[in-house]
Amino acid sequence: MSSNGKSTARVLILAAAFAGFALPAVSQQGFPDGKWWKRPRLMAEINLSSEQSREIEKIFVHSRTRLIDLKADLEKKQLALQSSMEDRGADRRAVEKEIEQVENARAELQKARAVMVLDIKQVLKPDQWDHLLQMQQEMKERRMMAKEGRQNGYRQGPGGQNRPRAPRGE
C-alpha cells in the first residue's frame with residue numbers, strides 16, 4: 001500500500017472511531033437523565049402537572065420502540081464498518097458506502113430523538129421549558145466541575161464540596 005493509501009486508511013479508521021464516540025454525546029438532548037417527568041421534586045420545581053407528565057410518558061413510550069430499533073440498526077452498521085475497516089483487502093468503495101450508511105443511520109436516530117424532544121417541548125409551557133433547560137445546564141456544569149476536581153486529585157464530598165483524595169496504598 002502506498003503512503004497515500006496508508007494515510008487515507010488512518011483517516012477512515014479515525015473517522016469510524018470518532019463516530020463510535022459521538023453517539024453518547026448526542027444522547028444529551030437538554031433533559032435530565034431518566035424519566036425526569038415522573039420525579040416529584042423536579043415536577044414541583046418546573047410546575048409540571050400530572051396531566052403533562054402523563055402526556056410526556058405517552059410520547060416517550062410511543063417513541064421508545066422506534067429509538068431502540070434505530071439504535072440497533074446503527075450499531076449493526078457500525079459493526080459491519082468496523083469489520084471492513086479491519087479487513088486489509090476491503091474494497092474502498094464498499095467501505096465508503098458503509099461509512100455513509102453508518103452516518104445515515106446516525107442521522108435517522110438523531111432525527112427521531114429530536115422529534116421526540118420537540119413533541120415533549122410542545123407539552124410544556126415556555127417557562128417550564130426554559131426552567132428545564134436551565135436546570136440541565138446547571139447539572140452539566142456541576143458534572144464538569146466534579147470531573148475536573150477528580151482529575152486534579154479531589155473527590156466530591158458531601159454538599160458538593162471537593163475534598164482532597166486520600167493517597168492509595170498508604
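Odds and ends about this structure:
- Scope region 82-121; condition small (Gly, Ala, Ser), without any contact (Cβ under 8 Å) to a residue 40 or more places away in the chain and part of a helix (DSSP H, G or I); matching residues: 83, 84, 94, 105, 107
- Qualifying residue in region 84-104 (condition: under 20 Å from the mean Cα position of the chain (by Cα), under 15 Å from residue 124 (Cα atoms) and of a type outside the set (D, E, K, R)): no
- Residues being exposed (fewer than 15 other Cβ atoms within 10 Å of the Cβ), touching a Gly at 6+ places or on another chain (Cβ under 6 Å) and at pLDDT below 85 - total across region 117-170: 2
- Region 27-86 - residue that is among the acidic types (Asp, Glu) and surrounded by 12 or more Cβ atoms within 10 Å (Cβ to Cβ) and, of those, nearest to residue 135 (Cα to Cα): 45
- The listed residue being part of a helix (DSSP H, G or I) and either touching a Lys or Arg at 6+ places or on another chain (Cβ under 8 Å) or modelled with pLDDT of 95 or more (or both), out of 48, 74: 74
The values are calculated or read from the model by the stated rules, or taken from the named source; none is laboratory data. What you see is a predicted model; the values in this text were computed from it and never measured. Neighbour counts run over all protein chains shown; Cβ positions are idealised from the backbone, glycine included.
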